[in-house]
Structure formats: structure tokens, C-alpha cells
Amino acid sequence: ERISQTAYEHGADRVLRKNGSSSIDRLVNDVTTVSSRNGVAQTQQDVSDHEPGLKDIERAVNEAPVGLSLCDPDLPDYPLVYVNGAWERHTGYSSEEVLGRNPRFLQGPETDPEVVDTLSTAIEDEEPITVEIRNYRKDGTPFWNELTVAPVYDGDDVAHYVGFQNDVTARKSAERLAQERAEDIAAERQALDRVLGRVNGLLSEISRILVEGTDAESVCRLVCEEIADEPGYLGGWIGDVSSGTGMLELTATSGIHVEEDTTLPLEDAPLAVQRACESEEVRGCSVGSCSDGPLTPERVDARRLLVVPITYGRHRYGLLGIYSSEADALDRRERKVCESVGKMIANGLHSVETTRMLTTDRVVELCVEIDDGSATLSQIADAIDGPIEHLGTTQLNDDGGNFYFESATPDPDFEAVEALEFVRSIQAVSESETECTFAVTASRSPPLSQVAEHGGVVAEAIAKSGHTRLTIEVPPERDVRSMLDALRAEYENVMLRSRVERESRDRSLTDFASAVDDRLTERQRSALKTAALNGYFEWPRPVDGDEIAERMGITRQTFHQHLRAAERELAEAYVDP
């Protein structure tokens, strides 16, 4: 045992114990096995006494998993004289049905004639050949047959042609699927490259136009011109449906045979325009799929039309029509990009309107009253049990915001306000014997957001139970009907009490505020406004930085960073305007 253990430790594969004459035979066998495993050729065995007989060979051929057939070239038309079981299973024919017939009956409508000619030529030249041929089973089902045909000689003459048949339908299907997927991927990549190549420059130029634009008319005109200059696009237009007349009015066009200031009934516009108006979603149509009219692709020698709503929040500034000279343009990929272009234009037009509102010499002042107890301000006033005045808003968006109010109601019931379903939290900012200031974080905004989305500024908002009065300022050229329509869609009994055009008040203060606003980032603006509305600059301070940071959803350090940056910009604007 010790010797065996030592041998194994030194790398031995086997240890043979001496056991009489049989040890020699075992030694030969073991050496042969180990040598074979280590790459040394095995000793060839004598199998002369184990050669298969004819019945063994016949049984092996009959039961082989590969289809096998024999054709006799000495008979007319080289008929089949033998097929095995696998051949019968592959084709669905029995041997009784096929013997004596040329196997061409397996061919059908999708059999490639060139493959048949290649096969016939090889047989005539007595050469072996392998082809993949489309054959048909007895029930008419097609299958792919990997067929190998070779001559079998008897001396110098061909005695038979042997055929080996393998059903490779599954492999061919997998290859075809892989090829189709590769082609689809290549086509998708080409389409994406085309889209990116087309829209990258367009997005860059439109961004520049929106940044540099100072009035809505020039922005719309330049956007249309940029679209017309882009390869693959023929031209475009911007217009909207008048709330007064219901007519589609074009305000800018380029690259098409349609003039600006064109007006037409909405029902005469392509169906894509009508559907975009109704759904506020991107719609398109192609040549032949649009009803006849001045804006159809056919009328402007285009192949496709895409209509993109230009919307900011719930306010629609208009519709953008884009024409393509290529049939494969403006597909689903470009629709997504064009949808983003529409939002970019809407944001740009809103910015132009806001700047115009802050810098205009004249404004239109609207007095709007809402007699609807479901209005947000009215519900808060009802819970307070007294009138409230809106002081300001921070972080206003579609999901609500932080709203600051003043009330002369002594000891207001904040718990009643917090119980309102849209109120997330309420916080007292300052209190005295005669009035209090409080902040409400709400999930639903008052009418302020609708007004802002339509280019207006709420100069004053006062509410009591069941009644809200808004004083709104808009630029003189602004069509206020869409704003009123938006309010009426949200609330009952919305009334325009007065409309007065006047000089803008506090001109110098407005200029200063506009200059400061241009310097501040959104975070800096929010930090400064939140601090002021919470009395942070009073002494003693009613709140500290931690409380304000918590209301803004940021850390104390981040709040102070934004506030200090805003204070610096404010001081610089005052000292060096």
C-alpha cells in the first residue's frame, strides 16, 4: 500500500499488482488505455471475426436516421429502386408508392430550377453533389431537403445512384429568421442615422432661433424657414384655429405654395389637422390618404404631412405643419423628435410672451370673477372662514405648488384647510393680532397656472367662500378668449367684468425685476422667493434655514448656496444694472 501511495503521489495513473500470468494481459490493456487518453494511438484490434453480415448492413441502412434511396441508371428515367424508413417518414410516401418512379415528383412550385439543373448536370457527369432543395411531402407540405447524390460503381460502370436526404427545414427557418432580423436591424440603423442626420441640425437651429427670438411672429417665420431649408423636408407652416371664428389661420409659411395669413374652414383642412386639433397629439397623412384641400401633401408637391401641436401646459399656441419630399420620412421615429420640436417652440413662445409682459409699455388689465365654490382659492377661504389674498407662489407646475396667503381672520382654522383633499400641508409664516400669513402646499393649483400658461400674470387674487376675483395683466396683442375658455372649462360662472388697456405701472421696477430675473437660475429664484415669502429676511426671523430647506425639499446647505448666489445677483443688478 505504501508503494502504491507513493506512486500516485508522483503522478502515476495506475498501479498494477503482480498476479500470475494474467498480469501481463492487464498490463497491456492498461498501458493502451492510458496511452490513448494521453494522445498516443491505440493498438488496432483484430475484428475479422466480427464483420457484419448482409442482414446486419440491411438492418442498419433501413433503420438509419438519415433518408436513403437508390436509383437505377440502367432503367429509363433513373427510377427509385429502394428507399429506407427515414426517407418514407421525411416524405410521407410509402415505398410501394414511389418505387419505379423518378424522385422528381418531390419537386413543386417553390423548387428552384437552377438547383434542379445543377443536380441533373452532376448526375450526368457521374459526380457526387450536395444541394439544398425545396421539396414537397405527400400532403403538400414544403420542406427543405439537404440532398447528397453520389454514383455507386460496379467496376467501371455506375450501378446505382445513392441519395442521402436530411430534413433541414428548422435550420433554414432559423437562418431565414436571422437574416430577416439582420436586415431589419440594418434598416433600423439606416433609418435612425437618417433621422439623426436630419434632425440634429434642425434642433440646433431651432434652439438658436428660440433663444434669440424677441417676438412670436419672427420666431414662427424663422422656424418655418429652417424647416424648409432642411434636406428631406419640403416646407412648413404654423397656424391655429381662431376661438372666435373657428377658422384655421396661418401665421407663417415657408417652402410651400401657400401664403401667410391664409384662412380656411377647419373642415377643409386635411384630416390630420382636424385630429391634431381634437386630440392635441401628433397626426400625419400621406399622398392619397388626405381629403382634397389647399394644405394636403398633393397641393404642395409633397409626399407626407405631419401636424404637431405647439402646446405649453394646457395652452396651445398653434399647430406646426411639416411637409416631407420623401415617402419614408416623418415616420414614428421622426414623430417623436417633431413632438419635442413642438414643445420647444411652445416653451420659446411662452418665454417671449413672458418677457414681453415684463417689458411692455402698455398692458391689458382684466378683471375676472369666478362664482364657483370648487375653485381652489374659494375652498381655502371657506375653510379659513374668511377672505384671503394671494401673496405669491413658488414651484408652480401641473402638480400644484407652494402658495402664500394673507388673511385678516383671527385664529384661522388651519386644520380645516389641511383637511382639504388637495392640500398636502399648511404652515403659518407670521401672525399678529389683526392678520396672519400662511403657506399651503397643494397638489392642485389655483387658476394661476391656467393664466400663466396663456401668457397672463395674476396681479391680484382675492377669494372668499364661493367667489374668486382675479386681476390679470396680458400684453395688448394677446387674444384673451383662449384664456377665458380655459378657465370656463375648469370652473362654472366665469365672468369677464372689465377689460382696460393702460400704461404699465412701475415701469422702472418692472425693468429691474426683469433684469434680475434674467440673471437668476430657477433654483436661485425659488430660494430667494421662498425665503422672502416666509419672512426669512425679517428680524427676528420667524423661520430658519432648515425649515425653508425642508419646504423646498432640499438640504440646508443647498438652500444657503442658492440663496447666497441669488443675493449676489440681486446686489450686482442694483449696483451695476
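In segment 310-352, if every C-alpha pair distance is counted and binned at 5 Å from zero, what percent goes to each bin? P(r) for segment 310-352, in whole percents per bin: 6, 22, 28, 19, 13, 8, 4, 0.
Annotation: amide H of residue 160 within the under-5 Å range of 152, sequence separation 5 or more or interchain, hydrogens built in the peptide plane.
Once the Kirkwood radius over Cα pairs is known for segment 364-496, the Stokes-Einstein relation at 10 °C and 1.306 mPa s delivers a diffusion coefficient of 107 µm²/s. Against the main long axis of the alpha-carbon atoms of the chain, helix 556-575 sits at an angle near 50°. Beyond 14 Å, the tail of the calculated P(r) for segment 158-234 holds 75 percent of the Cα pairs. For segment 188-358, the Kirkwood estimate of the hydrodynamic radius, built from every pair of different alpha carbons, is 15.9 Å. Among the trypsin sites (Lys or Arg not before Pro) in segment 261-328, those located in a DSSP loop and surrounded by at most 15 other Cβ atoms within 10 Å of their own Cβ are 314. The value obtained for segment 54-167, namely the Cα convex hull volume divided by the number of residues, is 101 Å³ per residue. Taking a straight Cα-Cα cut-off under 26 Å and skipping sequence neighbours fewer than 8 places away in the same chain, the lysines within cross-link reach of residue 138 are 172. Helix 522-533 and the longest principal axis of the C-alpha atoms of the chain enclose an angle of approximately 40°. When only the Cβ of Lys, Arg, Asp and Glu is charged (+1, +1, -1, -1), the dipole of segment 188-358 relative to its Cα centre reaches about 640 debye.
Only lysines eight or more places from residue 529 in sequence, or on another chain, were considered; those with a Cα closer than 29 Å are 343, 464. Once you have the Kirkwood Rh of segment 263-404 from its Cα pairs, apply Stokes-Einstein at 20 °C and 1.002 mPa s and quote D in µm²/s. The Stokes-Einstein estimate is 115 µm²/s. Rounded to whole numbers, the Karplus 3J(HN,Hα) couplings from phi for segment 263-269 are 10, 8, x, 4, 5, 8, 7 Hz, using 6.51 cos²θ - 1.76 cosθ + 1.60 with θ = phi - 60°, and x at Gly and Pro. Cβ distances below 4.7 Å define possible disulfide partners, and in the chain the cysteines left without one are 71, 220, 224, 277, 338, 367, 436.
In terms of the Cα gyration tensor, with a ≥ b ≥ c the square roots of its eigenvalues, is segment 424-577 rounded because a/c is under 1.5, prolate because a/b exceeds b/c, or oblate? Judged from the Cα gyration tensor, segment 424-577 comes out oblate (a/c at least 1.5, b/c at or above a/b).
Subtracting the Cα-Cα distance of residue 343 and residue 459 from their residue separation scaled by 0.36 nm leaves 39.1 nm.
Within the straight-line cut-off of under 15 Å between alpha carbons, the aspartates and glutamates reachable from residue 55 are 63, sequence neighbours fewer than 8 places apart in one chain being disregarded. Packing around the peptides 544-556, 173-185, taken as the average count of other Cβ atoms within 10 Å per residue, puts them in this order, highest first: 544-556, 173-185. Taking amide H atoms as placed 1.01 Å from N in the peptide plane, the amide H of residue 425 lies under 5 Å from those of 441, each 5 or more residues away in sequence or on another chain.
Between the Cα long axis of helix 22-37 and the first principal axis of the chain there is an angle of about 40°, rounded to the nearest 10.
If you look at the Cα atoms of the chain, you get an Rg and a Dmax of 43.2, 128 Å.
For residue 80, nonlocal amide neighbours, meaning residues 5 or more places apart or on other chains whose placed amide H falls under 5 Å from its own, are 100, 101, 102.
The per residue volume of the convex hull around the alpha-carbon atoms of segment 218-266 is 70 Å³. Using θ = phi - 60° in the Karplus curve 6.51 cos²θ - 1.76 cosθ + 1.60, the 3J(HN,Hα) couplings for segment 364-371 round to 9, 9, 10, 10, 10, 10, 10, 9 Hz; x is entered for Gly and Pro.
All of the numbers you see were taken from the coordinates with simple rules; none came from a lab. Note that the structure is a prediction, hence the values are computed from the model and not measured. We place every Cβ from the backbone using ideal geometry, glycine too, and count neighbours over all the protein chains shown.
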